[in-house]
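Report on the following structure.
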């Protein structure tokens, strides 16, 4: 499932980075922390790899 906004794509990228051990989990906050807790690495990859060019800043 692709991300539906730039904010969602960015949060998924942060959560994915923490899942892979590149950043600290304690650095996550808000949506990225929720995504880290509730999504698998493959789900986060799908969200984070979404092309941002046609996405709105935030989902309505």
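The values are calculated or read from the model by the stated rules, or taken from the named source; none is laboratory data. Please read all numbers here as calculations on a predicted model, not as lab measurements. In this analysis, Cβ positions are derived from the backbone assuming ideal geometry, glycine residues included, and neighbour counts consider all displayed protein chains.
Things to note:
- Only residues that are loosely packed, with under 13 Cβ neighbours inside 10 Å and farther than 19 Å from residue 59 by Cβ were counted in the range 26-40, giving 4.
- Test: residue in the range 7-25 that is part of a helix (DSSP H, G or I), without any contact (Cβ under 8 Å) to a residue 12 or more places away in the chain and either surrounded by fewer than 13 Cβ atoms within 10 Å (Cβ to Cβ) or at positive phi (or both): no
- Residues in the range 42-60 that are exposed (fewer than 11 other Cβ atoms within 10 Å of the Cβ) and either part of a helix (DSSP H, G or I) or at pLDDT 95 or above (or both): 42 only.
- Taking the criterion of being within 15 Å of residue 10 (Cβ to Cβ), more than 10 Å from the chain's Cα centre (by Cα) and either in contact (Cβ under 8 Å) with a residue 60 or more places away in the chain or not in a loop (DSSP other than H, G, I, E, B) (or both), the only residue of the range 26-41 that qualifies is 27.
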